[in-house]
Amino acid sequence: MQFLTDLSAGFDAVFTLHAAGFVLLGTLLGIIVGATPGLSSGMAVAVLLPLTFTMDSLTGLVFLTSVYVAVTYGGAVTAIMLNTPGAPENAATALDGHALTRLGQSGRALGVAIAASALGGLLSYFVMLFGISSVASIALTFGPTEIFLIALSGVMILGAVGSGSPAKILASGMFGLLVGTIGIVPTGEWRATFGEPYLADGVQIVPVLIGMFVVAELLVLSHRETVVDAATEVNRSIGATVAGFREVLSHPVTLLRSSFLGMGVGLIPAAGATLAAFSSYTLARRLSREPERYGKGSIEGIVAAESANNACSGGALTVSLVLGVPGSVATAVILGALTMQGLQPGPMMVVQQPTLVYGLVIAAILSQPVMVLFAILAGSVMSRALTISTRVLVPFLLMLSIYGTFALRNATFDVWMTLGFGVLGYFMKRYGYSPAALVMGVILAKITDAELVRTMQIFGDDWYFAFFQRPISLAILAILTASLLRAGLGARRRRLPSDE
């Protein structure tokens, strides 16, 4: 069979000391970058892209792919330990992961996250390996109306997450959408920039991310002596982390459902791992026998979020290689690396470059066990920060955050934006609003804006009828409406006992 021949060629290309060394290096750098708040997978791949200029095409792409799939691991470590997600896709993990940390169970939470990530990633890459040519065809059925609704639902569905007020969460997400539409719009006009040239490209996600998740959390931490109360016994042993691996297997349905959901979201261009994680988390909470435990240290919640955001990378790589459409910011950089090597992503790539394609997938599979080892070591080191005085920890992390923001464009404007969003995030937490929903809104604003404009251009004056005439759009609308109504009724029922 031709498939077995191509697969064998991919194995031979990757199973060399040279290629394996770059898998190890890429994985290590990915975890380090992922554990740095604000440095997303897209930034990590972009920053390390120049290192591949002197490499051959396979080695360079294997290196970048290893970085890409490892970043989410590192982000989970800081999300669980410090409640500061390394990237937006780890925000859902922080909801329950940090709750366990506050209870002194950081090793347990980290073990669950690592195992769920590895299993979700492995499942997605094996599916990618055996179905890369056919599975991407699903994404071709999505037009601008479907992508618009999916992006919009990524914000609105957060109203069903957590025990907070759905109205406040939706308000936070809608405000994020407004903030994210600042800048030059798809039709060329300048929107709400107030003459500030730094806003021409829109509000950068890094200042928003660091401000909302890092600076706001540091302001909260500043009122405590340590991250974990001194009276709480912290189990930071590697044994506790390894023991957490077994707990993932007690939730097989959630693991499989979340992994396949993550792969499906990854196949949708530009949807991203953040949408996959929050959608999976919401669905798992809806179907859980103990939904009240979510947000308070639910193992099932960590499994749902981590398996989905890692499985999403397999779907995103599939649609990027087979369709030539980036499934995420990071895969857009990888596509750029392919172009620089004189390669053309698209349906013919699997036929013309089978060794490269299957070599990339095999490298992603090999990086999973390597990431497990590195993530365990990283978690053991990071757990030491839980008992460091906040008088030392807060200024240090704040300095790193400001440096990371300034390095984005060498602009003090971004630093002030970070501090402003940090103060806003602090007061949002204090009054029950959702910083995660605001960040989600900013991330998805560009997609919703661009796809809405495309819908208007394609369907003309009757564009709003397109959402009801296309079956997939109608189905998404029905699911979204039902989810919001259920969340609203649930919130109303929770208020009734207190009103009596």
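The values are calculated or read from the model by the stated rules, or taken from the named source; none is laboratory data. Predicted model only: the values in this text are computed from it and were never measured. Every residue, glycine among them, receives a Cβ derived from its backbone with ideal geometry; neighbour counts consider all protein chains shown. Just the protein is used for accessible areas: all its heavy atoms, side chains included, with ligands, DNA and RNA removed. Shrake-Rupley method; radii C 1.70, N 1.55, O 1.52, S 1.80 Å.
Here are the numbers:
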{"quantity": "Net length gained if the chain between Glu290 and Ser222 were fully extended (0.36 nm per residue, minus Cα distance)", "calculated": "21.2 nm"}
{"quantity": "The range 76-132 - percent of accessible surface contributed by carbon and sulfur, probe 1.4 Å", "calculated": "71 percent"}
{"quantity": "Most to least packed among 204-211, 282-289 [average Cβ atoms within 10 Å]", "calculated": "204-211, 282-289"}
{"quantity": "Most to least packed among 189-198, 425-434, 213-222 [average Cβ atoms within 10 Å]", "calculated": "213-222, 425-434, 189-198"}
{"quantity": "Mean Cβ neighbour count within 10 Å, used as a protection proxy, ranking 442-453, 244-255 highest first", "calculated": "442-453, 244-255"}
{"quantity": "Environment charge at Ile205 (Cβ cut-off 13 Å; Lys +1, Arg +1, Asp -1, Glu -1)", "calculated": "-1"}
{"quantity": "Whichever aspartates and glutamates have a C-alpha closer than 16 Å to that of Lys296, once near sequence neighbours (fewer than 8 apart) are set aside", "calculated": "Asp96"}
{"quantity": "FRET efficiency estimate (nearest 0.05) - Cβ-Cβ, Met174 to Gln352, R0 45 angstrom", "calculated": "0.50"}
{"quantity": "Thr481-Val453 pseudo-label distance in nm [points 7 Å out on the Cα-to-Cβ vector]", "calculated": "2.9 nm"}
{"quantity": "Pairwise FRET efficiency - Tyr431 versus Tyr464, Cβ, R0 = 45 Å, nearest 0.05", "calculated": "0.85"}
{"quantity": "Potential lengthening between Ile184 and Phe406 on full extension [0.36 nm per residue; Cα-Cα distance subtracted]", "calculated": "77.7 nm"}
{"quantity": "Estimated distance in nm for a label pair at Phe126 and Asp12, the labels positioned 7 Å out from Cα along Cα-to-Cβ", "calculated": "2.6 nm"}
{"quantity": "Neighbourhood charge, 15 Å Cβ-Cβ cut-off, centred on Ala19 and excluding it, Lys, Arg +1 and Asp, Glu -1", "calculated": "-2"}
